[in-house]
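Worksheet for the structure shown next.
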Amino acid sequence: MSMLFFLLQKEFKQIFRNRTILAVVLVMPLIQLIVLPLAADYEVKNINLCIVDNDRSPEAQRLAQQLTASGYFRLTGYTASYRDAQALLEADRADVVLTIPPHFGRALVRDGQQTLSLAVNAINGVKAGLGAAYITTILQTYNNAIRVQWIQPGRFPAAPIVKVAPVYWYNPFLNYRVFMVPGILAVLVTMIGGFLSALNIVQEKEVGTIEQINVSPIKKHYFILGKLLPFWVLGNVVFTLGLLVARVVYGIVPMGSIPLLYGFVTLYLLAILGLGLLISTYCETQQQAMLITFFFMMIFILLGGLFTPLDSMPTWARAVAYASPVTHLIAVMRMIILKGSTAQDVLPAAAIVATFALILNVWAIVNYRKTS
């Protein structure tokens with residue numbers, strides 16, 4: 001154990017000696033956690049709308065006012081020529097073009113119905129789908145208002161109406177930051193732990209100090225453990241700072257047990273640090289380690305459930321996602337922080353992450369070879 005103590009002492013001295021890296025490791029996650037939730041907004045606004053009004057009736061103008069007053073659309077063109085609207089669409093100055101046909105108001109009064117044309121710029125599929133859905137909802141509201149205005153009271157029997165009163169659990173105000181902050185914090189802890197541990201042994205190889213370690217009587221599992229524990233402590237420090245930012249900046253207070261949250265993060269750090277150390281044992285240069293780690297981080301982030309629900313993924317992608325420890329960390333972070341889940345709820349994910357930690361660390365110990 002004394003040998004492990006001296007190894008830890010050496011690693012902490014190396015970490016604190018490089019103050020620039022230490023400052024980046026501690027400050028960068030805080031800045032990202034403050035900025036990213038403000039920018040990663042699921043709610044699409046400021047959709048550029050162009051209206052082709054071939055009618056110019058009061059009903060058409062009332063419809064245009066209702067669309068622009070919704071707050072989701074920004075009117076970039078109001079013309080009677082579809083060619084002008086198409087030019088705006090091709091120049092990316094319009095996302096949606098709504099065409100109001102001639103005699104819209106008169107036909108609406110006479111026939112009780114009318115058809116509108118909607119052209120959507122679908123290069124950005126999410127923005128296009130939401131823009132079309134917003135317009136459809138606003139048009140339904142407009143239709144209901146017209147029906148109430150035109151139908152004479154008592155002439156027709158009242159139609160049965162089904163009303164829905166939704167109750168939003170765990171996020172009653174549908175604040176996307178409450179949903180995003182735990183996930184972003186999980187990704188930051190992953191990136192800090194993964195990159196730093198992946199570069200650690202490779203740095204020893206490039207500097208040449210690995211030769212001194214190889215000829216020393218240090219056992220391999222002590223060496224890997226000495227490389228793992230300092231970054232395990234640093235990862236917990238970053239996680240603690242992230243919780244403070246979530247509390248102070250966004251007012252997010254964990255609903256569940258904080259010791260349970262730290263227990264799972266501690267277990268997770270063993271897995272992600274084991275992956276970084278395993279990568280480091282295979283690589284000879286820091287550039288190789290960074291590229292391989294970046295490859296895994298992209299898969300972890302995009303398939304981890306941070307931006308895309310796992311249920312909407314294809315079967316093969318869902319299988320890859322569940323084979324990633326990041327997926328389980330993001331899910332457990334949201335479960336404990338937002339839902340107040342108990343140890344029994346997170347036990348299956350903890351078992352999976354513990355398996356990852358055991359396999360990756362044992363693999364790193366076996367793969368590290370003391371050759372002089």
Right, F104: surrounded by 15 or more Cβ atoms within 10 Å (Cβ to Cβ) and at pLDDT below 80 or not?
yes
Residues of the stretch 319-372 being in contact with a Leu (Cβ under 7 Å, 6 or more places away or on another chain) and free of Cβ contacts under 8 Å to residues at least 24 places away in the same chain, in sequence order, are V320, A321
Neighbours by Cβ (under 6 Å, 6+ apart or cross-chain): first from the stretch 124-147, over 18 Å from R74 (Cβ atoms); second surrounded by 12 or more Cβ atoms within 10 Å (Cβ to Cβ):
Y142/L63; Y142/Q66
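Out of the residues in the stretch 136-178 meeting the condition of being in a helix (DSSP H, G or I) and touching a helix residue (DSSP H, G or I) at 6+ places or on another chain (Cβ under 7 Å), tell me which one is modelled with the lowest pLDDT.
Looking only at the stretch 136-178, we keep the residues that are in a helix (DSSP H, G or I), and these are 136-150, 176-178.
From what is left, the residues that are touching a helix residue (DSSP H, G or I) at 6+ places or on another chain (Cβ under 7 Å) are 138, 142, 177-178.
Numbers: I138: 83, Y142: 76, R177: 81, V178: 83.
The selected residue is Y142.
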List the residue pairs whose Cβ atoms are under 6 Å apart, where the first residue sits in the stretch 83-95 and is more than 17 Å from G125 (Cβ to Cβ), the second is open to solvent by 30 Å² or more (accessible area, probe 1.4 Å), and the two are 6 or more positions apart or on different chains.
R93/T76
When every residue in the stretch 301-316 that is surrounded by 15 or more Cβ atoms within 10 Å (Cβ to Cβ) and over 11 Å from the mean Cα position of the chain (by Cα) is compared, the one farthest from G194 (Cα to Cα) is M313
Count - residues of the stretch 333-360 that are charged (D, E, K, R) and over 21 Å from the mean Cα position of the chain (by Cα)
1
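For R56, state whether it is at pLDDT 80 or above, open to solvent by 70 Å² or more (accessible area, probe 1.4 Å), out of contact with any Cys (no Cβ under 7 Å at 6 or more places or on another chain) and among the basic types (K, R).
Numbers: at pLDDT 80 or above: yes; open to solvent by 70 Å² or more (accessible area, probe 1.4 Å): yes; out of contact with any Cys (no Cβ under 7 Å at 6 or more places or on another chain): yes; among the basic types (K, R): yes.
In short, yes.
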Of the conditions (1) open to solvent by less than 40 Å² (accessible area, probe 1.4 Å); (2) within 30 Å of I218 (Cα to Cα), R17 satisfies every one except a single condition; which number is it?
(1)
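On the given criteria, is Q65 open to solvent by 50 Å² or more (accessible area, probe 1.4 Å) and either within 16 Å of the chain's Cα centre (by Cα) or aromatic (F, W, Y) (or both)? Give the derivation first.
Values: open to solvent by 50 Å² or more (accessible area, probe 1.4 Å): yes; either within 16 Å of the chain's Cα centre (by Cα) or aromatic (F, W, Y) (or both): no.
Answer is no for this residue.
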Condition broken by V187, with the remaining ones in (1) of a type in the set (V, I, T); (2) at pLDDT below 70; (3) assigned to a helix (DSSP H, G or I) satisfied
(2)
So which residues in the stretch 239-281 are among the aliphatic types (A, V, I, L, M), part of a helix (DSSP H, G or I) and surrounded by fewer than 15 Cβ atoms within 10 Å (Cβ to Cβ)?
L244, V248, I258
Restricting the first residue to the stretch 198-210 and requiring it to be buried (at least 22 other Cβ atoms within 10 Å of the Cβ), which pairs with a second residue that is of a type in the set (K, R) meet a Cβ separation below 9 Å and a spacing of at least six or different chains?
N200/K227; I201/K227
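Quick check on my filter: what residues within the stretch 119-135 are of a type in the set (S, T, N, Q) and open to solvent by less than 70 Å² (accessible area, probe 1.4 Å)? Reasoning before the result, please.
Residues of the stretch 119-135 that are of a type in the set (S, T, N, Q), as a first pass: 121, 124.
Across the stretch 119-135, the qualifying residue is only N121.
The values are calculated or read from the model by the stated rules, or taken from the named source; none is laboratory data. None of the values given here were measured: they were computed from a predicted structure. Cβ: placed from backbone, ideal geometry, glycine included. Neighbour counts: every protein chain shown. These area figures cover heavy atoms from the full protein model, side chains too; ligands, DNA and RNA do not enter into them. Shrake-Rupley method; radii C 1.70, N 1.55, O 1.52, S 1.80 Å.
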